[in-house]
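Visitor: Handing you a structure now.
The values are calculated or read from the model by the stated rules, or taken from the named source; none is laboratory data. On a predicted model such as this, the values are computed, not experimentally measured, just so you know. Cβ atoms come from the backbone with ideal geometry, glycine included; neighbour counts cover every protein chain shown.
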Amino acid sequence: MKDYFGTRVPSRNIHNTLPVARPGLIFILAPAVLGLLTLALGWCIPPTILFLAAAFSFWFFRDPERPTPPPGFGLAPADGRVIRVESLPDNPYIPGPAMKVSIFMSPFNVHVNRVPSSGRLVSQTYFPGSFLNASLDKASDMNERNALVIETLEGTVAMVQIAGLIARRIVTWVKDGDKLERGQRFGLIRFGSRVDLYLPPDSEIMVVPGQKVSAGWSPVWRAPR
């Protein structure tokens, strides 16, 4: 993969030694082992169904390596489609106005989330809630979600993982006070979900609704010049 300046950039991410995200291993190994047992013991459960479930889980939890583009803009925290770009008079996670960018992840997208801009994790707050379709506007306020606030060189940014209609589990493996690196993996959401970005109000937004983006690779915003 090449960066936006046409040169190959080595990855500076924390590498995963597996081709899949570790939280997905149980969803891969459990049906695979059961499938082997059905073959060996002659159980009535068709092993093909179990092997297909293991194969789907392996594909869903895939975690490809990606190079990190050079600095100069904030990156997408999730794979998916931009469904909303708007200016807000009040930011629910950081005092003051904000620009909001929402990215919807379908079950067909890579679901590992990545840090959009280097900085320090100030706080993260979990909110229990409903499991509405994550593409709905009200999902931002009503669904189960985890909000991370990061102090970056481009200003303070809030990044919110939102569970969707099928998802029932938000996974985050960073903690308050951690120094986060641009493009670093920080969590995932299982089986269809959404990530909202709340950016400084004077940010130059580089995406439009309907645009497809890739976590840790696609530019989303930059500080005003």
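Visitor: What's the number of the condition V122 fails, among (1) surrounded by fewer than 17 Cβ atoms within 10 Å (Cβ to Cβ); (2) of a type in the set (A, V, I, L, M, F, W, C); (3) over 15 Å from T152 (Cα atoms)?
Guide: Going through (1) surrounded by fewer than 17 Cβ atoms within 10 Å (Cβ to Cβ); (2) of a type in the set (A, V, I, L, M, F, W, C); (3) over 15 Å from T152 (Cα atoms) one by one, V122 breaks only (3).
Visitor: OK, next. Residues I150, I189, I170, I162: which one is in contact (Cβ under 8 Å) with a residue 12 or more places away in the chain and within 17 Å of G119 (Cβ to Cβ)?
Guide: After ruling out the rest, the residue left standing is I150.
Visitor: Check whether at least one residue in region 132-146 is part of a strand (DSSP E or B), assigned by TED's automatic domain parsing to the domain that holds L180 and at pLDDT 90 or above, and report yes or no.
Guide: There is at least one residue in region 132-146 that is part of a strand (DSSP E or B), assigned by TED's automatic domain parsing to the domain that holds L180 and at pLDDT 90 or above.
Visitor: Still on this structure: Output yes when any residue across region 172-183 is assigned by TED's automatic domain parsing to the domain that holds N91, touching a helix residue (DSSP H, G or I) at 6+ places or on another chain (Cβ under 6 Å) and in a strand (DSSP E or B), and no when none is.
Guide: No: region 172-183 contains no residue that is assigned by TED's automatic domain parsing to the domain that holds N91, touching a helix residue (DSSP H, G or I) at 6+ places or on another chain (Cβ under 6 Å) and in a strand (DSSP E or B).
Visitor: Still on this structure: Taking the conditions exactly as written (in contact with a Gly (Cβ under 8 Å, 6 or more places away or on another chain), outside any loop (DSSP other than H, G, I, E, B) and either surrounded by fewer than 19 Cβ atoms within 10 Å (Cβ to Cβ) or not assigned by TED's automatic domain parsing to the domain that holds K100 (or both)), does V157 satisfy them or not?
Guide: no
Visitor: Quick one: count up the residues across region 65-79 that are more than 9 Å from the chain's Cα centre (by Cα) and either farther than 11 Å from R222 by Cβ or aliphatic (A, V, I, L, M) (or both).
Guide: 7
Visitor: Quick test for you: out of K175, K138, K100, pick the one residue that is surrounded by fewer than 17 Cβ atoms within 10 Å (Cβ to Cβ) and under 29 Å from P70 (Cβ atoms).
Guide: K175
Visitor: Right, next: Can you tell me which residue in region 179-195 is nearest to D137 (Cα to Cα), limited to those that are out of contact with any Gly (no Cβ under 7 Å at 6 or more places or on another chain) and crowded, with 23+ Cβ neighbours inside 10 Å?
Guide: V195
Visitor: Return the only residue of G42, G35, G80 being of a type outside the set (S, T, N, Q), out of contact with any Pro (no Cβ under 8 Å at 6 or more places or on another chain), surrounded by 14 or more Cβ atoms within 10 Å (Cβ to Cβ) and at pLDDT below 95.
Guide: None of the others qualify; the one that does is G80.
Rundown of residues vs (1) touching an Asp or Glu at 6+ places or on another chain (Cβ under 6 Å); (2) over 14 Å from V220 (Cα atoms), yes/no style:
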{"position": "V122", "(1), (2)": "yes, yes"}
{"position": "G155", "(1), (2)": "no, yes"}
{"position": "I170", "(1), (2)": "no, yes"}
{"position": "E181", "(1), (2)": "no, yes"}
{"position": "I189", "(1), (2)": "no, yes"}
{"position": "L199", "(1), (2)": "no, no"}
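Visitor: Still on this structure: Could you please find all residues in region 207-225 being surrounded by fewer than 17 Cβ atoms within 10 Å (Cβ to Cβ) and among the aliphatic types (A, V, I, L, M)?
Guide: V208
Visitor: Another question, then. Does region 194-201 contain any residue that is in a loop (DSSP other than H, G, I, E, B) and hydrophobic (A, V, I, L, M, F, W, C)?
Guide: No, because not a single residue in region 194-201 is in a loop (DSSP other than H, G, I, E, B) and hydrophobic (A, V, I, L, M, F, W, C).
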